[in-house]
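Here is the structure we will look at, set down as structure tokens.
Throughout, read-outs are computed from the coordinates displayed, never taken from laboratory work. Computed from a predicted model, the values in this text were never measured in an experiment. Because the Cβ atoms are built from the backbone with ideal geometry, glycine has one as well, and the counts that use them run over all protein chains shown.
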Protein chains: 2
Amino acid sequence: MPVDEAIQIKGNSIIGFSDASEGTESVKAVDPSTGNEIEPPFVSATSNEVEKAADLAHTAFLVYSKKSGVERAAFLNEIATQIEALGDTLTQRAMQETGLPEARIKGETGRTTGQLRLFATVAEEGSWAQARIDTAIPDRAPLPKPDIRSIQRPIGPVVVFAASNFPLAFSTAGGDTASALAAGCPVIVKAHSSHPGTAELIARAVQKAAQKTGMPGGVFSLLFGGGRSVGSALVSHPAIKAVGFTGSTAGGTALMKVASERSEPIPVYAEMGSVNPVILLPNAISSQSENIANGLHISATMGVGQFCTNPGVVFVKQGPEGDAFIKTFVQKMKETAAQVMLNATIRSAYCEGVNHLKNNSRVKTHVANVEQQSNGACLGATAVFEADGATFLEDESLSHEIFVPGTTLIRWSNKEELLKLLESFTGQLTGTLHATEEEFSEYSEVISILERKVGRIVYNAFPTGVEVCHSMVHGGPFPATSDGRSTSVGTHAITRFTRLIAYQDSPQFLLPDELKDGNPLGISRLEDGIHKSL
Amino acid sequence: MPVDEAIQIKGNSIIGFSDASEGTESVKAVDPSTGNEIEPPFVSATSNEVEKAADLAHTAFLVYSKKSGVERAAFLNEIATQIEALGDTLTQRAMQETGLPEARIKGETGRTTGQLRLFATVAEEGSWAQARIDTAIPDRAPLPKPDIRSIQRPIGPVVVFAASNFPLAFSTAGGDTASALAAGCPVIVKAHSSHPGTAELIARAVQKAAQKTGMPGGVFSLLFGGGRSVGSALVSHPAIKAVGFTGSTAGGTALMKVASERSEPIPVYAEMGSVNPVILLPNAISSQSENIANGLHISATMGVGQFCTNPGVVFVKQGPEGDAFIKTFVQKMKETAAQVMLNATIRSAYCEGVNHLKNNSRVKTHVANVEQQSNGACLGATAVFEADGATFLEDESLSHEIFVPGTTLIRWSNKEELLKLLESFTGQLTGTLHATEEEFSEYSEVISILERKVGRIVYNAFPTGVEVCHSMVHGGPFPATSDGRSTSVGTHAITRFTRLIAYQDSPQFLLPDELKDGNPLGISRLEDGIHKSL
């Protein structure tokens, strides 16, 4: 493809610098605001094409893993430029495929390009690789000390599964792709069938950027596929060395199984969601009732509730002040119009989840207009439920994630019960605490529990809105993610697709620049146990 | 137990500050130099005792995870002191249980205490936790930027499986225990049945240190158990959050399976060994034949070949210079006396492995006095085999690890064949290259292959002798280890038992000291994207 040809959606997978369309099956995107199919059909990749993409990624790794941080940064920056060049074509297609409003798509595009450029600065700067040097002591007794130097090196080709709920920031050139490319790993993206046109547009932008910056073809591929077979075949392929995934628990755990049953098991970073407990302590509610109700309303309805960090379970103390708070909150939720959800699968899970709670005799329904539907649109209306602590402990389904613009309020009667309720949680992405200064001390055990259960603790704010920065942790113990040691948002993610390598007594010219004498890259590194920054 | 009571071997498991001996089964150690049993019997832990140790470790975690780096350092330093106080009692018992000579046991004791003290300096200094701060920008448009701070926090109670081949440095208070305790995780050690008395002595030293430095009892426990049931029960327990293991592939992969099938899968760091390919290039041999033969002889026979980094497969080019080198090497190996191996299981695997090669018609046997045996001693004699490249590629058994004082020499005819042979390897702990300056460039593909296959590349030296330092990587892709991202030797290991946590808009007084404004600990950290060292 000549570099300057206008980008068109052809419905083909992209393997390096070539299109791929051997397959006989195909899927079309659906406009969730009308229920109508959108042209063109997207051809599912064949097993031969999976093989081709994986082999090409392996070949590309041999070249791409040796590119300098400056070269990788140029590639990432050029991807951002090429995504911006897609302009309105991208915005319109993404809106049509997802039902998300223009401001959101434009915001998410900015987040995606910003993320690519942030990883570019990290790759270019170079300190991320944790270079360490222990110099030789040839006359040490009884044995000489050798020269040892170590660094994080790219792990190999990575498969990234795009998410449905962030068609840009967690998809084709989203966080996992950006961090893998920044680390020096080629990427094969398995497109999400909910926004294939968006995926192809972005993939062609990546392809252009690879060509413009002299990267090997196999540094990036995008494969389409309707069911799970393309994804499983990719994860099973011996050339693949790690997996990034954002999606359902069922999808994530299935990939974990495939990866652990390979003859060479590989790491899977699956972000599978959570209900993000929010604890509202009594004095915080007394003093900030309106503010908290407002903030919770915005957080619970953001993105039609289709966020991994949606505040799904909120703990409010029993009593009149809690009742008043709930009344204010419920009123705001009632006044919120239904909005278009991402696709029919998500809407059907939403209906099922909401109806399950609605039909639960121990759960009080404040709002739940789930039947709202018009002109074939996939509408999601707000929902608010309430139950007591005993019900929450006895009915596990109350702690299951549903993508819903709403939340379940759990009433607790005393600190002992609250702690018991919080102890019942499995791993979560976030935990949020609203408290006054005195309550932080009075309820310190709450923080202690959250530290064992979540990836991010939020104080007097709300969990939605995951800042892309150096310190962000978007992770948490299983089942929030498959690997609670890592993060899928923020620059710390660059290390997830690496492994440590040490070089013993290496000649200088064979060392990565990060490890050479004299620190030619001017990075922060550990030299004989001393942290040195330039 | 009063702190100053003399330490005795009682044959009991140790759960926190108490002895445990409910069980009805027991095992005795065997002196491998005589085949005789050694008193006392060691009582296997019951499932009730496993439960108790795990529950106590959970309780201890709540306290120990909040201890400062300075407090954890004091504990680690005191363990080292208490181990030294065991003096000759420890040396004699370890020699008797392992057949290892006094110099080795004393050297390994020094390595173990040195390792504990090195981790103490890292815990005390504090920069290891990768503190990151992104400060708030309240007036950012369109949305304010929150204050986000993140850090590596201890993951929870850790189970450590002691290794047979390093009764001190990779056992009860070895590398995994030191790194877990340094990070803030309680440890339960499953003792190795090959040196239970050594394990108990060390455990009582750890127990004393915990008492002296005011640590909670459950910060450390030691359980005995003959088969795999105690280990499996520990790894299955919900309170346990990570596993460290050094041992066989069968043992390690069994634990990986148990851990992945839990309702909350947990990380397993299993170091399962490798054959550590050594590549000798022709000009290196021409110019350094005698030196290389000497070094290889020392490396191959060190520890009676019972090292994970034993150079199991050595690539020598076909031709007269290679023949001459082999002649010199074989002569040295022939002159080396048999030595006592660790135990009957290891000796029987050694006999089986050596006889398998000896009976392979495509393999030439240079040395293999496997039948050597005297007075019931578990003797291991040197062995040297030779085969051509085609045989190596066709017979997978040639790349299986055997604990043997010796090696298999593989002859290659040209660079193309050498690269093919190296590509055939699965993950290895180390890869070693002997080359002249010109050969490094001429054979650069060799280094490129090793970078994909091994955890440590050694130049013109030998893989045995794993330096405990900041830069060491004792790891490598599966099957060398279960998780090639990490290392089990050196201070980098402190992060393997941690996970990332972020704090959003946290009040200062609730933050870990590492993340507080003004950097009270004076650590290196990332502040708004800038690496700052004090």
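The aspartates and glutamates whose alpha-carbon is closer than 15 Å to the alpha-carbon of residue A:241, local same-chain residues fewer than 8 away aside, are A:51, A:55, A:176, A:261, A:264, B:451, B:483.
As a rough footprinting exposure proxy, the listed residues B:341, A:302 were ranked by other beta carbons within 10 Å of their own, and the order from fewest upward is A:302, B:341. Cβ-Cβ distance of residue A:442 and residue B:331, R₀ of 60 Å, FRET efficiency by 1/(1 + (r/R0)^6): the value works out to about 0.15. As a quick test, which of the pairs A:66/A:532; B:66/B:532; A:364/A:453; A:67/A:212; A:317/A:415; A:66/B:453 have an alpha carbon distance above 18 angstrom in this structure? Checking Cα-Cα distances, A:66/A:532; B:66/B:532; A:364/A:453 exceed 18 Å.
So which aspartates and glutamates can residue A:106 reach, going by Cα to Cα under 12 Å and dropping same-chain residues fewer than 8 places off? Residue A:106 reaches A:84, A:88.
DSSP beta bridges in the range A:361-497, what fraction antiparallel, as a percent rounded to 5? Of the beta bridges lying entirely in the range A:361-497, close to 25 percent run antiparallel. Distance distribution P(r), the range A:191-245, all Cα-Cα pairs, bin width 10 angstrom from 0: 20, 44, 33, 2 percent. How large is the Rg to Rh ratio of chain B when both quantities use alpha carbon positions and Rh follows Kirkwood? Rg divided by Rh gives 1.01. Working from the Cα coordinates of the range A:1-119, the gyration tensor eigenvalues give, after taking √(5λ), semi-axes of 27, 23, 12 Å in decreasing order. Panel order for A:482, A:413, A:260, by other beta carbons found within 10 Å of each beta carbon, from fewest to most: A:413, A:260, A:482. Shortest first, residue B:356 label-point distances to identical copies amount to 4.9 nm, with the label point at 7 Å from Cα along Cα→Cβ. Taking 16 Å as the straight-line reach from the Cα of residue B:28, the lysines in range (excluding those fewer than 8 positions away in the same chain) are B:10, B:190. Over chain B, DSSP H runs of length four or greater, each weighted -39,500 (n - 2.57), average out per residue to a 222 nm ellipticity of -12000 deg cm²/dmol. Packing order of peptides B:227-240, A:462-475, A:242-255, highest average first: A:462-475, A:242-255, B:227-240 (average count of other Cβ atoms within 10 Å over each peptide's residues). Relative to its Kirkwood radius, the Cα radius of gyration of the protein assembly as shown gives an Rg/Rh of 0.98. Take the Cα of residue A:290, step 7 Å toward its Cβ, do the same at residue B:352, and the gap between the two points is 7.8 nm.
Put a dot 7 Å past the Cα of residue B:70, heading toward its Cβ, do the same for residue A:34, and the two dots end up 6.9 nm apart. Partner shielding of B:504-510 amounts to 6, given as the average count of beta-carbon atoms from other chains within 10 Å of each residue beta-carbon.
If R0 is taken as 51 Å, the Cβ-Cβ distance between residue B:22 and residue A:509 corresponds to a FRET efficiency of 0.25. Per-residue mean of foreign Cβ neighbours for B:76-83 is 0 (Cβ atoms of other chains, 10 Å radius).
For chain A, the relative contact order works out to 18 percent when only alpha carbon pairs closer than 8 Å and six or more residues apart are counted. Note on the range B:431-480: Rg/Rh from C-alpha atoms, Kirkwood Rh, equals 0.99. Sorted shortest first, the distances from the residue A:344 label point to those of the same residue in the other copies are 6.9 nm; each point sits 7 Å from Cα along Cα-to-Cβ.
For the range B:359-446, GluC sites (Glu not before Pro) are listed when DSSP marks them as loop and at most 14 other Cβ atoms sit within 10 Å of their Cβ; the list is B:371.
Just to confirm the number: angle between the C-alpha axis of helix A:102-125 and the first principal axis of chain A, 0 to 90 degrees, nearest 10? Here the helix axis deviates by roughly 40 degrees.
Set against the 2.2 N^0.38 Å expectation for a compact globular protein, the range B:113-221 has a Cα radius of gyration ratio of 1.45. Inter-chain Cβ neighbour count for A:149-157, averaged per residue, equals 3 (cutoff 10 Å, partner chain atoms only). Global dimensions of the range A:387-484 from alpha-carbon coordinates: Rg and Dmax equal 13.9, 40 Å. If you take the square roots of the eigenvalues of the alpha-carbon gyration tensor of the range A:245-343 and sort them as a ≥ b ≥ c, do you get rounded (a/c under 1.5), prolate (a/b over b/c) or oblate? Judged from the Cα gyration tensor, the range A:245-343 comes out prolate (a/c at least 1.5, a/b above b/c). Each 5 Å bin from 0 upward holds the following percent of the Cα-Cα pairs of the range A:154-296: 2, 10, 18, 19, 16, 10, 6, 5, 5, 5, 3, 1, 0. For the range A:319-415, the percent of C-alpha pairs falling in each 10 Å distance bin, counted from 0 to the bin holding the largest distance, reads 15, 46, 30, 8, 1. Across the identical copies, the 7 Å label point of residue A:262, projected outward along Cα→Cβ, sits 2.3 nm from its counterparts, in ascending order.
Using only Cα atoms and rounding to the nearest 10 degrees, what angle (0 to 90) does helix B:47-64 make with the longest principal axis of chain B? On a 0 to 90 degree scale, this one is about 60.
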